[in-house]
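Chemist: I have a structure I would like to understand better, so I am pasting it below and will then ask my questions one at a time.
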Amino acid sequence: MTRTREPESKSKTSSPSSSSTGMKLIVPLQGVVQGRGGILLGSLIPCALFYFFQLYLKKRRRSNDKHPSSNPPSPSSSFPELPRTPSRSNLSSRGSLTGVRLSRLATTISDDDSAYYVGLNRASRDPYHKLTNPDGIIQLGLSDNTLSLDLIGDWMRKWGSGGDDGLSINGIATYQAFDGVDELKLALSDFMHQVMGGSVHFDTSNMVLTAGATPAIEILSFCLADHGNAFLVPTPYYPGFDRDVRWRPGVDLIPVHCRSADNFNLSMTALEQAYSQARKRGVKVRGILVSNPSNPVGNMLTQDMLYNLIDFAEDKNIHLIVDEVFAGSTYGSEKFVSIAEILESDSEYIDKRRIHIIYGLSKDLALAGFRVGVIYSFNKNVLATARKLCRFSSISAPTQRLVTSMLSDKKFIQDYFETNRNRMRQVHHEFVDALSKLGIKCAKSSGGMFCWADMSGLIKPYSEKGELELWEKFMSIAKINITPGSACHCIEPGWFRICFTTMSLEEIPLVIERIRRVVEVCKSSS
Amino acid sequence: MGIEIEKPCVVELSNIAVSNTHGEDSPYFAGWKAYDDNPYDELTNPSGVIQMGLAENQVSFDLLEKYLEEHSEATTWGKGVRNSSFRDNALFQDYHGLHSFRAAMASFMEQIRGERAKFEPDRLVITAGATAANELLTFILANPGDALLVPTPYYPGFDRDLRWRTGVKIVPIHCDSSNNFQITPEALEGAYKEAESMNTKVRGVLITNPSNPLGATIERSVLEQILEFVTRKNIHLVSDEIYSGSVFSPSEFVSVAEILEARNYKDAERVHIVYSLSKDLGLPGFRVGTIYSYNDKVVTTARRMSSFTLISSQTQHLLASMLSDKDFTELYIRTNRERLRKRYEMIIEGLRSNGIECLKGNGGLFCWMNMSPLLEKATKEGELKLWNAIIHQVKLNISPGSSCHCSEPGWFRVCFANMSENTLQVALERIRNFVDKIRTHTLTAGSN
């Protein structure tokens, strides 16, 4: 009896899974036919029925075809009618009627219609522009920082072309070390030393450079865990982790829920609980993944909490990954403490080989386009593997040279940080103030580029559904793209992440006005 | 004071971290070590190991340098480029990539193919190098445990790029010298059946055209047979055309894109092309690769996945400028082809005068050299013994055919474009001496 392969599920059209339906028919039928010749009949009849059922489903599927995408214009192509295969024995290769198949992973990715992607798409199709498209969608869903880009632009204009000599490609055209050139590692080591408070020494031999922090997280996931294992991650968390950790490494993320009553600070009890529940389910937890300062809340881990996490990791013999990409983007009164600082001061009893730091220049230096990320680890084996893996995600050589040059301009870096910090503080203060006048309170935060806003008073019902309806209102009425808490796996509905670093002070009233529209709509309908 | 003993590290790493599927233990990479330990330098180390195992193109570097000198606006963010353009560029982490860059790449790819194929910029997905492109496509087209069919001999890096993180297998399509290592329908069917017998699902065929390590283009009729095969089996075809701009005579390269265009894109949704600037433009340090797919879903998915491997916006900006300068690209392509052809002829002649024949090649940065007459034993061990002697006595790093999974022992890939002409002469001289020695004395084991 031919078994059909699991049919591929389509992104827009969903067809029922025929093989499992088929099997449901066969098994009871086989049971029904007993006695002599029964086995023969018992197999033939189900087979025949199964075959006809398959044919019926295939015909249905053929008519629901096939090209789902609203994406790039196809070339002037005519995808032909696929030929009908007459042979009964080719039942198992019916793929030809349903188009050439992609992997399960590809299907998962292309089917992903989370608010994150939908929001991105819609915002990019109707982007706000002060002059040319004043009614367009304002993008407040990407944590970019344009507040101090003018400073970087100035530097680029002066020095970005290699000064008087122009940009030379001598020495950078050929293959470079995949994990980054020494000059850049040195410059980054210095930079990180400054950013993390001036008390930590970063050893360049513990660094692997990658094309952005995104591949850094993915590469670490590949090194520390196998397919099907899991990391514990406090919620709410950066939506991108779902992509970086789950997609290709196949590592699961087990949420450790944090609550507004604690200002979304992590509770060790919750961590312990999540760990033991995972164990009970037979899931192998390989590590904890935290971001500090936190995305999306913007709060920071205290020194005590960092020690607790280290102790926890030691006790369970698992890894601890700390994503510190926002370390230099702080505006509050709290001082940022890097885990590297703790390790430096207290390395006696801590096995540093289980602790890994992620860093990059996309946030603190607003250079997201340049793709500069860092894996910092004390584990020689992790470093050796990461070095081999980063060949898939290396930093472009001319950019390495340019960035080295910029980072070496210590005065510029100092000026940038001071100015940027002030501007962030100002905009944050103004914006949070204006939001609270609308009745929207934000979680207490001192770092990152966003406000974590409580809109639970505006949603009805008090559920994820209500939250997504509000998100839609923001998109279509207010025309701003913000990130709903459900995309960040927040357990309390109604929270939204709003990035404030792409707004100038002058633009705050405009944004607030738009938010007011939605607030009013919600109030009037309640 | 006691002796510091480092405690064994108790925290575990993943299987990927401890496996050796990265393939870096093979001779292909061991030869590099010999070079790294004792690299040749014309002046300071004339008896060092000459690197002929790295397919890098340095013959036309001067053209690039000259262009950048004369067109500094390509590299600047300067005058006329006010805040907004820079701001767009620096922040630009959109995985679509700069439109201007994609348009320039598309037009460059069209030029290489003599305008016989059209490329839509919106079907181009950017990746940080072809290495990432091939891996990414594998993730998209096949599940762990599935297989891609790849003709032998093939680029040793595929073992890592297609298999390591993806968990996908490579099943070889065996080719041999009887027909100049061309792919035949029988070989295709044979590979497919071999996969079936291992209960492995075949998801596609991956070809490199022109071929690495053969240095020869695939004939139109063979491409058509491959297309017919993949259509019949309802699987994918990935055509890695990374050396397409390095074919010595433009008319000899037929891209699968041309064939598809000629038949109005029938069956095109299963075809995907990989390209990069690492070979044709000699810019491997820039990390510039692309995937061109006729399949909408592959384009969308690849684009999302490219977040892990984007090209720096600075580099995109620079190259967009350079590659859309048609006068320059035309000059570059033409000159580069000519210089590569000259190098090729030089090495072929040099080898032939020592009685060493190569496969007739017409592109790429290397030649496929037949040293089987010099083998003590026509086996893989015999080949590795000879290779060892070449590394340690002749001091040339060349790649043994076995690391390319060649079914016949005695073939070697020799790169000729990553050195000066002088160095190439030195290499040929060393080969001459070596061959003379063998012909008159017994081959000794050498230092292993």
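The values are calculated or read from the model by the stated rules, or taken from the named source; none is laboratory data. All values reported here derive from a predicted model rather than from experimental measurement. Because the Cβ atoms are built from the backbone with ideal geometry, glycine has one as well, and the counts that use them run over all protein chains shown.
Chemist: Among (1) more than 21 Å from A:ILE169 (Cα to Cα); (2) surrounded by 24 or more Cβ atoms within 10 Å (Cβ to Cβ); (3) within 11 Å of chain A (Cβ to nearest Cβ), which single condition is B:ASP267 missing?
Modeler: Answer for B:ASP267: the failing condition is (2).
Chemist: Still on this model: Residue check: is A:ILE491 in contact with a His (Cβ under 7 Å, 6 or more places away or on another chain) and either outside the structural domain of A:ASN295 (by the TED database) or of a type in the set (Gly, Ala, Ser) (or both)?
Modeler: Here the answer is yes, as A:ILE491 does meet what is asked.
Chemist: Among the residues of the stretch A:222-236, is any under 15 Å from A:SER291 (Cα atoms), in a helix (DSSP H, G or I) and within 13 Å of chain B (Cβ to nearest Cβ)?
Modeler: no
Chemist: Sticking with this structure for a sec: Mind checking which residues of the stretch A:381-415 are over 20 Å from A:LEU186 (Cβ atoms), more than 7 Å from chain B (Cβ to nearest Cβ) and surrounded by fewer than 17 Cβ atoms within 10 Å (Cβ to Cβ)?
Modeler: Once the filter is applied, which keeps residues that are over 20 Å from A:LEU186 (Cβ atoms), more than 7 Å from chain B (Cβ to nearest Cβ) and surrounded by fewer than 17 Cβ atoms within 10 Å (Cβ to Cβ), the stretch A:381-415 yields A:ALA384, A:ASP415.
Chemist: While we're here: State which residue is modelled with the highest pLDDT when the search covers only the stretch B:1-32 and only residues that are of a type in the set (Gly, Ala, Ser) and part of a loop (DSSP other than H, G, I, E, B).
Modeler: B:SER14
Chemist: Hey, any hits in the stretch A:336-346 for a residue that's surrounded by 24 or more Cβ atoms within 10 Å (Cβ to Cβ) and over 23 Å from the mean Cα position of the chain (by Cα)?
Modeler: Yes.
Chemist: Just the residues that are more than 20 Å from A:PHE231 (Cβ to Cβ), touching a helix residue (DSSP H, G or I) at 6+ places or on another chain (Cβ under 9 Å) and small (Gly, Ala, Ser), please, taken from the stretch A:299-337.
Modeler: A:ALA327, A:GLY328, A:SER329, A:GLY332
Chemist: Does the stretch B:213-224 contain at least one residue that is part of a loop (DSSP other than H, G, I, E, B) and within 14 Å of chain A (Cβ to nearest Cβ)?
Modeler: no
Chemist: A follow-up question, please. Quick check on B:ILE50: is it modelled with pLDDT under 90 and either touching a Leu at 6+ places or on another chain (Cβ under 7 Å) or surrounded by fewer than 15 Cβ atoms within 10 Å (Cβ to Cβ) (or both)?
Modeler: No: the conditions fail for B:ILE50.
Chemist: Which one is surrounded by the most Cβ atoms within 10 Å (Cβ to Cβ), of the residues in the stretch B:90-147 that are among the small types (Gly, Ala, Ser) and at the interface with chain A (Cβ under 9 Å from one of its Cβ atoms)?
Modeler: B:ALA128
Chemist: Run B:MET369 past the list (1) in contact with a strand residue (DSSP E or B) (Cβ under 8 Å, 6 or more places away or on another chain); (2) of a type outside the set (Val, Ile, Thr); (3) without any contact (Cβ under 8 Å) to a residue 60 or more places away in the chain; (4) in a helix (DSSP H, G or I) and report the number of the one that doesn't hold.
Modeler: (4)
Chemist: Just name the residue that is nearest to the chain's Cα centre (by Cα) out of those in the stretch A:193-221 that are without any contact (Cβ under 8 Å) to a residue 40 or more places away in the chain and part of a loop (DSSP other than H, G, I, E, B).
Modeler: Ranking the qualifying residues of the stretch A:193-221, first place goes to A:ASP203.
Yes/no matrix, rows are residues, columns are (1) in a helix (DSSP H, G or I); (2) within 22 Å of A:GLY298 (Cα to Cα); (3) more than 22 Å from the chain's Cα centre (by Cα):
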residue: A:LYS444; (1), (2), (3): no, yes, yes
residue: A:CYS451; (1), (2), (3): no, yes, no
residue: A:GLU467; (1), (2), (3): yes, yes, no
residue: A:TRP471; (1), (2), (3): yes, yes, no
residue: A:MET475; (1), (2), (3): yes, no, no
residue: A:ALA487; (1), (2), (3): yes, yes, no
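Chemist: Against the definition (farther than 30 Å from A:LEU301 by Cβ, within 11 Å of another protein chain (Cβ to nearest Cβ) and outside any loop (DSSP other than H, G, I, E, B)), how does A:SER110 come out, yes or no?
Modeler: Answer is yes for this residue.
Chemist: Let me spell it out: the conditions are (1) under 19 Å from the mean Cα position of the chain (by Cα); (2) part of a strand (DSSP E or B), and B:ARG203 meets all of them except one. Which number is the exception?
Modeler: (1)
Chemist: Sticking with this structure for a sec: Quick check: anything in the stretch B:411-428 surrounded by 22 or more Cβ atoms within 10 Å (Cβ to Cβ) and in a helix (DSSP H, G or I)?
Modeler: Checked against the condition, which is being surrounded by 22 or more Cβ atoms within 10 Å (Cβ to Cβ) and in a helix (DSSP H, G or I), the stretch B:411-428 yields at least one hit.
Chemist: Another one. Please give the number of the condition A:VAL325 fails out of (1) at positive phi; (2) crowded, with 24+ Cβ neighbours inside 10 Å.
Modeler: (1)
Chemist: Go through the residues of the stretch B:331-343 one by one and say whether even a single one is within 23 Å of B:LEU281 (Cα to Cα), among the β-branched types (Val, Ile, Thr) and within 14 Å of chain A (Cβ to nearest Cβ).
Modeler: No, the stretch B:331-343 has no match at all.
Chemist: Here's a check for you: in the stretch A:243-267, which residue that is touching a residue at least 60 places away in the same chain (Cβ under 8 Å) and within 14 Å of chain B (Cβ to nearest Cβ) is farthest from the chain's Cα centre (by Cα)?
Modeler: A:ARG248
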